[in-house]
Amino acid sequence: MTPYVLTVDADIRDLRAADHLLHTLAAELALPEGAFGCTHLVRGERPRVVLSLTFPSEPLLRTAQERLTARKYEVSHGAPDALGRAVIYPGVSALTGTLTVADLLARSAIDRVTVLGGPDRPAPDTRLMTADHVRPQWQNGELVLTAMPAVAGTLVPFEVPDPTPCCADH
């Protein structure tokens, strides 16, 4: 990661709204291919989701900071933590449909795939059904996608695009 990082606090309470704002800001700021947009959970007296944007250069960071500040967002330098959930990252647009783990790693900035509850990394030819929703997280400086087993030996990302709310059937 480069040191060109901004944190944006728009007082958002849920991940879906944060994802939407990240995509909106990426379009408005014309983020280049090498940029990252992540969500971070903030706990404490005012729980919320903040965003971090990582830029490939200082001039892009300065321009973005000016535009975001003009829109009245709370903007600060640096990331709020090292564990961001990546929404925008190099190659994300190529992660659609079903592809192999090897293809996922080759097409994107994701460094590795882990399987929930499994000790080993999946084989490179293991198929992953993306549902066009791939949200890896930063772990020890690596972008890691956590997946879980699905039908017929395939994998799916742990985070699903439309989760069922807790107690939805009550």
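Among residues of the range 19-30 that are under 13 Å from residue 64 (Cα atoms) and modelled with pLDDT under 95, those with a Cβ under 7 angstrom from a residue that is of a type outside the set (Val, Ile, Thr) and assigned to a helix (DSSP H, G or I), sequence gap 6+ or separate chain, pair up as 29/64; 29/67.
So which residues in the range 80-119 are of a type in the set (A, V, I, L, M), under 21 Å from residue 149 (Cβ atoms) and at pLDDT below 95?
Selection gives 116 alone.
What are the residues in the range 118-158 that are of a type in the set (Ser, Thr, Tyr) and over 20 Å from the mean Cα position of the chain (by Cα), if any?
Of the residues in the range 118-158, the ones of a type in the set (Ser, Thr, Tyr) are 126, 130, 146, 154.
Within the range 118-158, 126, 154 qualify.
Counting only strands (runs of 3 or more DSSP E) that fall entirely inside the range 1-54 and contain at least 2 residues that are of a type in the set (Asp, Glu), the qualifying elements are 5-12.
The values are calculated or read from the model by the stated rules, or taken from the named source; none is laboratory data. Just so we're clear, the structure is a prediction, and the values are computed from it rather than from any experiment. Cβ atoms come from the backbone with ideal geometry, glycine included; neighbour counts cover every protein chain shown.
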